[in-house]
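What follows is one structure encoded as structure tokens, with my remarks underneath.
Taken together, the values in this text are just the output of simple stated rules run on the coordinates, not laboratory data. These figures come from a predicted structure and were not determined experimentally. A quick note on method: Cβ atoms are made from the backbone with ideal geometry, for glycine too, and the neighbour counts reach across all protein chains shown.
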Amino acid sequence: MMQTIVSLCKRRGFVFQSSEIYGGLKSAYDYGPLGVELKRNLMNAWWRDMVHRRENIVGLDASIIMHSKVWEASGHLAGFSDPLVDCKVCKERFRADKAPRREPGSPAPIVLPDKGVAKAMLEILPARFGVELERKGKTLHGATVGARGYVCPVCGSPFLSDERQFNLMFKTSIGPVSPVDTLAQAIERGELHNMEGRDLRRAIEDRLNDGAVYLRPETAQSMFVQFLNVLNAMSMKLPFGIAQMGRSFRNEITVEHFIFRSCEFEQMEMEFFCEPGSDEEWTTYWRDERMLWWKKFSNHPERFRYRPHEKSELAHYARACFDIEYEYPWGWGELEGIANRTDYDLRKHSAASGQKLEYFDPVHKKKITPYVIEPAAGATRGMLVYLLDAYEEEKLESGDTRVVMRFHPELAPIKVAVLPLVKKNGMPEKARTVVNAFFERGINARYDEQHAIGRRYRRHDEIGTPFCLTIDGETLENDTITIRDRDTMKQRRISIGEAVAEVEALLQSS
Ligand code: GAP
């Protein structure tokens, strides 16, 4: 299924591999002509429903590069890391927390690419790790799972390096001084002389961190940092929210499932500030609101579910968290998290900056630090969800199969295609007049005269265009055109003068 979606995305211009002509960049994607429309439609719908339709939520568009003290205070510099391990047999680098779990002491067969590699490894591994191994085909038997209780996800070996914490933030530097120059000068001055091991590593890191800034790994922090400015500028009253959507960056060790997990992605997050004590009620409110929102655009609402976090899974700042999960082709996985972050973030930034991030409660005449409920969704991950949700191979009565993307009309990249039956007899000119009328109403319409009409219908089914309007011989006689519905494939005639109003009404009623 994933392969089908990936190739449809490339063929039809939804998503391309980044820098493909140079061999591609792992885990980076470009959103093509239809992908950019789908992604924007999704994000605009979120903005409309979260900001424009709510009196007590306002927007923010903060910079991606922020003061590094933000990440110190938020805990991202110290804690936003994954435990990383290297396999000493196949050299795979992987996340310890995602590795296959096995009972300590149970057999750990090591599966190598072929018999030749297995024979070579049989010469090396017993001496290196002090175990007796026996080869059967390309598998070595005799090793057992260590006390850590996991093995290499690729070859199954239990011979692993220590776990290292790997920070997921992308680091860069700002200004004319390069951290490498700072390091070189320190070496020249002999400051690192006589140092070794951990001390040397720490000293190098300190020099390289001089002037370091980070690409934000989430949009959330700027909304805490700008809490006071927004509060004062907009005279907000509790409960109120600040919403933001935009790019985030994580140097993910495991990039997987196409745009599900990538290093550069887009988020749609809202920080909802409320009175302590009302937080549980608001967590339930936002959990339910957000679930209804995702289902509203879906053909398969049964593929969404909630998953409450176990106590052991909760982030250190969170009192409760619910994931909204989707049933992806590889199983259930996260789409959005709704977390009760308490007053953790405002307190942390208050302490670190010296600015009191508080709210004056006019009823009780005292200052309080509000609690925060955070619905945090992935926009690019949401786009993948709706690509998967929309895809259908439909068996037709004729025996043929058609591929149809049943996007909700609000999300569909192109809303209406206008097709002259033939490229003559004045039909193209009539079609262009209709397209221009749609443009004037701000509706994304496409003129399409390439190939036979049947092929054009199939093409628009495959990219999810909800309606096709066809200009034919009868149009020239009586100014009527056919309107074809993507889902039912039914056609009916309408007056050409009413085409825009008719399509607009259909789009609005869906
Ligand atoms: N501020 C909280 C926060 O960022 P998160 O669960 O790490 O929480 C929120 O991220 C959402 O962002 C996730 O539910 C997911 O949809 C999306 N997301 C996170 N990492 C991602 C990645 N590497 N690629 C694509 N989407 C990602």
Q) Volume per residue, Å³, of the convex hull around the alpha-carbon atoms of the range 458-510? A) 77 Å³
Q: Search the structure for amide H atoms under 5 Å from the amide H of PHE240, placed 1.01 Å from N in the peptide plane, and list their residues when 5 or more places away or on another chain.
A: PHE273
Q: Please go through the range 418-510 and write out the trypsin sites (Lys or Arg not before Pro) that DSSP classes as loop and that have at most 16 other C-beta atoms within 10 Å.
A: LYS423, LYS424, ARG441, LYS490
Q: Can you pull a Stokes-Einstein diffusion coefficient for the range 352-510 at 4 °C (1.567 mPa s), Rh from Kirkwood over Cα pairs, as a whole number of µm²/s?
A: 70 µm²/s
Q: Specify the inter-centroid distance of the range 68-144 and the range 161-233, based on alpha-carbon positions, in whole Å.
A: 30 Å
Q. Can you give me the relative contact order of the chain as a percent, contacts being Cα pairs under 8 Å and 6 or more apart?
A. 12 percent
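Roughly what % of DSSP beta bridges within the chain run antiparallel, to the nearest 5? Display every interim value, and only then the final one.
On the way: 77 of 88 bridges.
Just about 90 percent of them are antiparallel.
Over the residues of the range 139-180, compute the C-alpha Rg and express it relative to 2.2 N^0.38 Å. Intermediate results must be reported in sequence, preceding the final value.
Values: Rg = 18.8 Å, N = 42, 2.2 N^0.38 = 9.1 Å.
Normalised by 2.2 N^0.38 Å, the Cα Rg of the range 139-180 equals 2.07.
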(Q) Let me check I have the definition right: for the range 302-373, take the eigenvalues of the Cα gyration tensor, multiply each by 5, take square roots. What are those semi-axes in whole Å, largest first? (A) 34, 13, 10
Q: Based solely on C-alpha atoms, express the radius of gyration and the Dmax of the range 1-147 in angstrom.
A: 24.5, 71
Q: Using every pair of alpha-carbon atoms in the chain, split the distances into 20 Å bins beginning at 0 and state the percent of pairs per bin, rounded to integers.
A: 18, 42, 31, 9, 0
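Given Cα pairs under 8 Å that are at least 6 residues apart, what percent is the relative contact order of the range 1-99? Before the final figure, lay out the partial values.
Numbers: 62 pairs, mean separation 12.3, N = 99.
Rounded, it is 12 percent for the range 1-99.
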Q: Once you have all Cα-Cα distances for the range 217-268, histogram them in 10 Å bins from zero and send the whole-percent values.
A: 22, 38, 23, 14, 3
Q | GLU336 long-range amide H proximity, modeled H, under 5 Å | A | ILE324
Q) Which whole number in µm²/s is D for the range 220-340 by Stokes-Einstein, with the Kirkwood Rh taken over Cα pairs at 4 °C and 1.567 mPa s? A) 80 µm²/s
(Q) Over all directions, how big on average is the projection of the convex hull of the alpha-carbon atoms in the range 1-77, in square nanometres? (A) 8.6 nm²
Q) Taking the simple approach of a point 7 Å from Cα along Cα-to-Cβ for both LEU507 and GLU20, what is their distance in nm? A) 2.8 nm
Q) Just the Cα atoms of the range 233-300: what Rg and Dmax do they give in Å? A) 16.1, 44
